[in-house]
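The values are calculated or read from the model by the stated rules, or taken from the named source; none is laboratory data. All values reported here derive from a predicted model rather than from experimental measurement. FYI the Cβ positions are ideal-geometry reconstructions off the backbone, even for glycines, and counts take in every protein chain you see. Keep in mind that these areas ignore ligands, DNA and RNA; they rest on the heavy atoms of the full protein, side chains included. Shrake-Rupley method; radii C 1.70, N 1.55, O 1.52, S 1.80 Å.
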Amino acid sequence: MNYRVEFHAAALAQLQGIPPAVFDALVEHVAELVRAPWDAQMPDQTEPAFRQSVFGSVGLLSFYVDDDRELIRIFDVTWAG
């Protein structure tokens, strides 16, 4: 099963100025997430649908997994740079 991905407007705004190499790492990581979204860290045990994962060696994605809709909603992208 492959999930679809949506970027929240705030996450899209955080991509402004992202270097090409970091963007490539982000895209590669998101492509992996659509196949296995549950292989990410769960920062809050009471909210298992909220996940975080590191991309490349410089970024952190925060997202929500909606199994019913087979959708990953990325709401925060943090990258060093």
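Rounded to the nearest 10 degrees, the inclination of helix 20-33 to the longest alpha-carbon principal axis of the chain is 10 degrees.
So for each of 2-8, 50-56 I average, over its residues, the number of other beta carbons within 10 Å; can you give me the resulting order with the highest mean first?
Values: 2-8: 15.1, 50-56: 17.1.
So the peptides 2-8, 50-56, ranked by packing, come out 50-56, 2-8.
What is the local net charge at Ala36, summed over the other residues whose Cβ is closer than 14 Å to its Cβ (Lys, Arg +1; Asp, Glu -1)? Around Ala36, the charge tally is -3.
With the full set of protein chains in place, find how many percent of the accessible area of the chain is carbon and sulfur; take the probe as 1.4 Å. If you can, show how the numbers build up before the last one.
Details: 2660 of 4870 Å².
On the chain, the fraction of accessible area on carbon and sulfur atoms equals 55 percent.
With a probe of 1.4 Å, find how much accessible area the chain has per residue, and write the answer as a whole number in Å².
On the way: 4870 Å² over 81 residues.
Value returned for the chain: 60 Å² of accessible area per residue.
Between Leu60 and Asn2, what FRET efficiency follows from the Cβ-Cβ distance if R0 is 30 Å, with the result rounded to 0.05?
Here the calculated transfer efficiency is 0.85.
Based on every Cα atom in the chain, Rg and the maximum pairwise Cα distance Dmax equal 12.0, 36 Å.
Note on the chain: antiparallel DSSP beta bridges, both residues inside, total approximately 80 percent of the bridges counted. Each residue of the range 54-66 was assigned a 3J(HN,Hα) from its phi angle through the Karplus curve 6.51 cos²θ - 1.76 cosθ + 1.60 (θ = phi - 60°); the sequence is 8, 10, x, 10, 10, x, 9, 9, 10, 8, 10, 9, 10 Hz, with glycine and proline shown as x.
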